[in-house]
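Here the structure comes first, spelled out in structure tokens, and everything after it is commentary.
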Amino acid sequence: MSTPADREGPPWRRIHPRTVLVTALVTAGVAVGAAVPAVAALSGRFGYAAAVGWALAGAVVLVGCAAAGDYVRWRRTRYRVGGERVELHTGLALVKRRSLARERIRSVDLTAHPLLRILGLVTVRIGTGDQTGGESTLELDPVDRAEGERLRRELLDRVAARSSGTHREGELAVLDLRWIRYAPVSFLAPMLGAAAAGGVMQVSEWVGAQGEVIDWVADRFRDTSLVWAITVLVAAALAAGVVGALGLWAEGWWNYRLEREPGGTLRVRRGLLTSRSLSVEERRLRGVDLVEPLGVRLAGAARVDAITTGLAKDEETRGADHDTLLPATPRPFADAIAAEVLREPVAPTGAPLTAHPPAARGRRLRRALAAALAPVLVLALLGAWLTPVLLWTALGCAAVTVPVAVALALDAYRSLGHTLSGGYLVTRSGTLRRSTAALQRAGVIGWTVRQSWFQRRAGLIAVTATTAAGAGAYTARDADATEGLLFAAEAVPGLLEPFLERG
């Protein structure tokens, strides 16, 4: 029952009625997938015809119940956009009323999986960027695509202060198919290869044929050495991982386009089967993060992430590339786009960095060697107690892991650096995932200074700039103690001096 307050203000709108059709089709697909093993299980007891009949009856009941439930949801869901608030009411017996103040809205993202795209619908997620889970986000699922675009424009249409300098509006970057060459060199490829091999073994176990699969593989390599057999199997798994990585890249970044819209909004559109649209207000942008995973960095590429307040961080978007403005591209192009995004003549991520003392290199070497030699020591002790085979295994592990650990430690040291570039403070660290973050000095809300007993002996310090944007903290790790404190004091004058004077 509507209240007088509900009847005041702009008219209420409903989500699109095709939501019932979407639910029915999705449930039908699930029912078909479940019907295959159900028929196989029931046919032995009731016969094939009876089993198919039971499966069809169950599917009809399942689809009908799901469609009826979604029809009730459609009837009881309404929303409206007023001058001050966006409101959403839903629920049958217990009506849930939620609203967001328009001035707090930071993101309006549009997503559409293949079925929604076919039907011309989108899911609209309106977020404030608060770290309070679903209470900071309203979801309209689904609405007409034109209605979704209207909502996005209306809720993000704010006049943004223009920065000085000449920077192009409209299209900033568009998909270049040559970028796909960076997909196989990510860590995703070996992970997908291992998952594919594990999936084959798991499915064969489900159907009771795991032994046959193992015997078949063994027959293929009966006349070859163990080392060659392992090499071929690993290569096959990696090939499967490369194919999977290429497919995921195409799904995620096909039709990619980065635009600057009137009113000061950066918009990223991408997706092959599932279309995605991300909007970032430039007035909420606090910097950029140039991310270089090891394989991508060795190929001379990097991706650009936004350091911004207001991006949704609920369970559905946590861990996803929700803040990525540019996929892995050649490093010079990534720097150029970073400069365009920040409206700077030169990207601060490319500024020369202050190197960290040799003591920081020693810390990384000691930690890397400890991590590499710990399992070797365990194997050696077990070998001395049980069998010499473990001693040879320990020697082999040491021959492989120690050089790798040393190389990664030296690379981690070379990656360390910090500097001030115009209105930005820049920090860099990491080896498997190197990050070069350029954060606006005005976006720093505090400093955290840490110095362990070992760091104090080595004359090192960790200085962390805290901010309300991005990851929330950006650290100059193992910097020279004096240089690190001067860096923090110069970056935001007046913020750290009272504490230095007390020290």
Q) If ALA31 passes every condition in (1) open to solvent by 20 Å² or more (accessible area, probe 1.4 Å); (2) assigned to a helix (DSSP H, G or I); (3) not aromatic (Phe, Trp, Tyr) but one, which one does it miss? A) (1)
**Q.** Search result, residues across segment 77-123 that are farther than 24 Å from SER275 by Cα and under 27 Å from the mean Cα position of the chain (by Cα)
**A.** LEU100, ARG102, GLU103, ARG104
Q: Take segment 243-275 and flag every residue that is surrounded by fewer than 19 Cβ atoms within 10 Å (Cβ to Cβ) and either closer than 30 Å to ALA197 by Cβ or touching a Phe, Trp or Tyr at 6+ places or on another chain (Cβ under 6 Å) (or both).
A: VAL243, LEU246, GLY247, LEU248, ALA250, GLU251, TRP254, LEU272, LEU273, THR274
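Can LEU408 be described as touching a residue at least 24 places away in the same chain (Cβ under 8 Å) and within 32 Å of the chain's Cα centre (by Cα)? Step through it out loud before you land on a result.
Numbers: touching a residue at least 24 places away in the same chain (Cβ under 8 Å): yes; within 32 Å of the chain's Cα centre (by Cα): yes.
Criteria met by LEU408.
Condition check: closer than 20 Å to ARG361 by Cα and touching a residue at least 40 places away in the same chain (Cβ under 8 Å). Does THR436 satisfy that?
Numbers: closer than 20 Å to ARG361 by Cα: yes; touching a residue at least 40 places away in the same chain (Cβ under 8 Å): yes.
So THR436 passes the test.
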Q: Mind listing whichever residues of segment 244-260 are part of a helix (DSSP H, G or I) and in contact (Cβ under 8 Å) with a residue 12 or more places away in the chain?
A: GLY244, ALA245, LEU246, LEU248, TRP249, ALA250, GLU251, GLY252, TRP253
Q) Which of (1) modelled with pLDDT of 90 or more; (2) farther than 23 Å from SER186 by Cα; (3) among the β-branched types (Val, Ile, Thr); (4) surrounded by 15 or more Cβ atoms within 10 Å (Cβ to Cβ) does THR482 not meet, given it meets every other one? A) (4)
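Which one of these is in contact with a His (Cβ under 9 Å, 6 or more places away or on another chain) and either of a type outside the set (Val, Ile, Thr) or surrounded by 15 or more Cβ atoms within 10 Å (Cβ to Cβ) (or both): ARG85, ARG45, ARG78?
Details: ARG85 fails: in contact with a His (Cβ under 9 Å, 6 or more places away or on another chain); ARG45 fails: in contact with a His (Cβ under 9 Å, 6 or more places away or on another chain).
Step by step, each of ARG85, ARG45, ARG78 is checked, and only ARG78 is in contact with a His (Cβ under 9 Å, 6 or more places away or on another chain) and either of a type outside the set (Val, Ile, Thr) or surrounded by 15 or more Cβ atoms within 10 Å (Cβ to Cβ) (or both).
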Q: Would you mind stating whether VAL492 is modelled with pLDDT of 90 or more, of a type in the set (A, V, I, L, M, F, W, C) and closer than 19 Å to TYR424 by Cα?
A: no
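Only one of THR265, THR317, THR308 is out of contact with any Asp or Glu (no Cβ under 8 Å at 6 or more places or on another chain), modelled with pLDDT under 90 and on the phi < 0 side of the Ramachandran plot. Can you tell me which?
Working: THR265 fails: out of contact with any Asp or Glu (no Cβ under 8 Å at 6 or more places or on another chain); THR308 fails: out of contact with any Asp or Glu (no Cβ under 8 Å at 6 or more places or on another chain).
That would be THR317, the only listed residue that is out of contact with any Asp or Glu (no Cβ under 8 Å at 6 or more places or on another chain), modelled with pLDDT under 90 and on the phi < 0 side of the Ramachandran plot.
Considering only residues that are part of a helix (DSSP H, G or I) and of a type in the set (D, E, K, R), look in segment 173-216 and name the one that is most open to solvent (accessible area, probe 1.4 Å). Outline the logic, then answer.
Taking segment 173-216 as the starting set, the residues that turn out to be part of a helix (DSSP H, G or I) are 177-182, 188-206, 210-216.
Retained after the next criterion (residues that are of a type in the set (D, E, K, R)): 178, 181, 205, 212, 215.
Numbers: ARG178: 161, ARG181: 124, GLU205: 104, GLU212: 113, ASP215: 93 Å².
Across segment 173-216, the extreme among qualifying residues is ARG178.
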Q | Residue satisfying all of: in segment 377-431; β-branched (Val, Ile, Thr) and open to solvent by less than 30 Å² (accessible area, probe 1.4 Å); nearest to GLU292 (Cα to Cα) among these | A | THR431
Q) Only one of these conditions is not met by ARG457: (1) open to solvent by 20 Å² or more (accessible area, probe 1.4 Å); (2) under 28 Å from the mean Cα position of the chain (by Cα). Which number is it? A) (2)
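Looking at LEU62, LEU110, LEU92, which is the one that is open to solvent by 30 Å² or more (accessible area, probe 1.4 Å), of a type in the set (A, V, I, L, M, F, W, C) and within 24 Å of PRO11 (Cβ to Cβ)? Let's see the steps before the verdict.
Numbers: LEU62 fails: within 24 Å of PRO11 (Cβ to Cβ); LEU110 fails: open to solvent by 30 Å² or more (accessible area, probe 1.4 Å).
Sole residue among the options that is open to solvent by 30 Å² or more (accessible area, probe 1.4 Å), of a type in the set (A, V, I, L, M, F, W, C) and within 24 Å of PRO11 (Cβ to Cβ): LEU92.
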Q) So which residues in segment 344-376 are closer than 30 Å to LEU172 by Cα and open to solvent by less than 30 Å² (accessible area, probe 1.4 Å)? A) ALA347, PRO348, THR349, ALA351
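Taking the options ARG145, ARG150, name whichever one is modelled with pLDDT of 85 or more, open to solvent by 40 Å² or more (accessible area, probe 1.4 Å) and more than 28 Å from ALA28 (Cα to Cα). Spell out how you get there, then give the answer.
Values: ARG145 fails: more than 28 Å from ALA28 (Cα to Cα).
Exactly one of ARG145, ARG150 is modelled with pLDDT of 85 or more, open to solvent by 40 Å² or more (accessible area, probe 1.4 Å) and more than 28 Å from ALA28 (Cα to Cα), namely ARG150.
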Q) In this structure, does VAL280 turn out to be touching a strand residue (DSSP E or B) at 6+ places or on another chain (Cβ under 8 Å) and either surrounded by fewer than 20 Cβ atoms within 10 Å (Cβ to Cβ) or not in a strand (DSSP E or B) (or both)? A) no
Q) Within the bounds of segment 217-232, is there any residue that is under 23 Å from LEU272 (Cα atoms), part of a helix (DSSP H, G or I) and among the β-branched types (Val, Ile, Thr)? A) no
Q: Report, by residue number, each residue of segment 423-465 that is in a helix (DSSP H, G or I) and under 20 Å from THR324 (Cβ atoms).
A: GLY443
Q. Which of (1) assigned to a helix (DSSP H, G or I); (2) in contact (Cβ under 8 Å) with a residue 40 or more places away in the chain does PRO345 not meet, given it meets every other one?
A. (1)
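Condition (residue is buried (at least 18 other Cβ atoms within 10 Å of the Cβ), β-branched (Val, Ile, Thr) and out of contact with any Cys (no Cβ under 7 Å at 6 or more places or on another chain)) applied to segment 66-73: is it met by at least one residue? Break it down into steps so the answer makes sense when it comes.
To start, the set of residues in segment 66-73 that are buried (at least 18 other Cβ atoms within 10 Å of the Cβ) comprises 66-67, 70.
Checking the rest, the ones that are also β-branched (Val, Ile, Thr) come to none.
No: zero hits.
The values are calculated or read from the model by the stated rules, or taken from the named source; none is laboratory data. If you're wondering where the values come from, they're calculated on a predicted model, not measured in any experiment. Here Cβ is always computed from backbone atoms with ideal geometry, including for glycine, and neighbour counts include all displayed protein chains. When the accessible area is computed, the model is the full protein with side chains, heavy atoms only, and any ligands, DNA or RNA have been set aside. Shrake-Rupley method; radii C 1.70, N 1.55, O 1.52, S 1.80 Å.
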